[in-house]
Structures are given as structure tokens and as C-alpha cells.
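One structure below.
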Amino acid sequence: MARVPYLDPSDLDPADRDLLARPIALYRAMANSPNALRAIDGIAKFIRFKSGLDARLRELAILQVGWLTRSPYEWSHHVKIGQDFGATEDDIRAIPEETAGRATKLEPLARLVLQGAREMTVDMAMSDATYAALERALGREHLIDLVTTIAFYNGVVRLLATLQIDVEPEYERYLRDHPLPA
């Protein structure tokens, strides 16, 4: 049960009702502070719609963060979003294998993106070697977009956990299909 009420558009000032155009539980909770929601929505929209980073690679990085942090909300939402942006069942099933250090059929760049996401999530920063390899593969701008994405979603999972945001019923099937470890 969330620590704050889930708001509906009718609970907000008319000028803020647009914030719930996407009425997911996270946004409905964050609407308790419209300015904070507007701020996180701005970077979320940049990541999803304006970044030049390959969408599948972006989603794999976000999924890696969700897996490592055992965030049911993040994981379930981005299993679906990842599929919408080109991540396959094999890609999603590779996340736990790559995390455990086992070989997968992912291409080297995807594996490197996952490694970078793991390092930033567990060690707080990418190693020099991972950073350099990703910069060679992606270029500086797209690497900054990747780092921004990983950092942002490491923040989001902390919001989700602290506010105790519930997974919406329509996303629960993604947890059944791709369960997080206990």
C-alpha cells in the first residue's frame, strides 16, 4: 500500500491535470507534489522520446536496474515497455543470466550496456574500461544519454520503494511471466 494517496485528475488544480495524462501509479502518487512530478516527467520524456540512444539498449539498461534493485514496479513496467521498443523475450530472459555472469546470446554491445548499468547500480559508477568501451561503441552523446538513463532509473526505483508504489493489476502478468528473485 502506497504511503501517499493515489490522486486522480479531479484532485488536482486544473493547471496540473495534464500531469496525469498517463495515469500510472507512480505519477498518481507523485502528483501529491505537482512540481516534483513535472520535473521527473520532463527527464522521463527526454529519455523515452528525445534521446538518440537506441531504444532497445535503453530498455535493457533500465531492466538491468530493475532486476538488480528487485523493483517489481520498474521491472514489470519495463518488461512491457521494453517489448514495445524491440526487446525480445530472449533479451529479457538474458538479464538474470548476464547478472549472474553466465553467457547469453546477446550481442557484445547489449552485454556491455548491461555491464555499465550493473556497475552504476552496484558500484555507483562505471569503470574506466566499461566507460571507454561504451564511448567507442556509442559515441559521447549517446553514452551521456545512457548514463543519464541509468542514473535516473536508479533514482526512480528509490522513489518507488520509499513511497511503496503498488504494481497496477495490468502489469502483474509481466511479473508472472518474468519473476524477480525473492
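Here, each number is a calculation from the coordinates, and none is a lab measurement. Owing to the predicted nature of the structure, the values given are computational and were not obtained by experimental measurement. Cβ: placed from backbone, ideal geometry, glycine included. Neighbour counts: every protein chain shown.
Report the Stokes-Einstein translational diffusion coefficient (µm² s⁻¹, integer) for the chain, Rh taken as the Kirkwood radius over Cα pairs, at 25 °C with viscosity 0.890 mPa s. Rounded to a whole number, D works out at 145 µm²/s.
Note the angle between two axes, namely the Cα long axis of helix 89-99 and the longest principal axis of the Cα atoms of the chain, as a number of degrees from 0 to 90, rounded to the nearest 10. For 89-99 against the chain, the angle is about 70 degrees. Between the helical axis of 108-122 and the longest alpha-carbon principal axis of the chain there is an angle of about 60 degrees. Ordering 124, 30, 1 from the fewest to the most neighbouring beta carbons within 10 Å gives 1, 124, 30. When the Cα gyration tensor is reduced to axis lengths a ≥ b ≥ c, the ratio a/c is 1.5 or higher for region 1-78, and with a/b not above b/c it is classed as oblate. The distance from the alpha carbon centre of region 107-147 to that of region 1-72 is 24 Å, rounded to a whole number. Packing order of peptides 156-163, 133-140, highest average first: 156-163, 133-140 (average count of other Cβ atoms within 10 Å over each peptide's residues). Put in line by how crowded their Cβ is, counting other Cβ atoms within 10 Å and starting with the fewest, 41, 128 read 128, 41.
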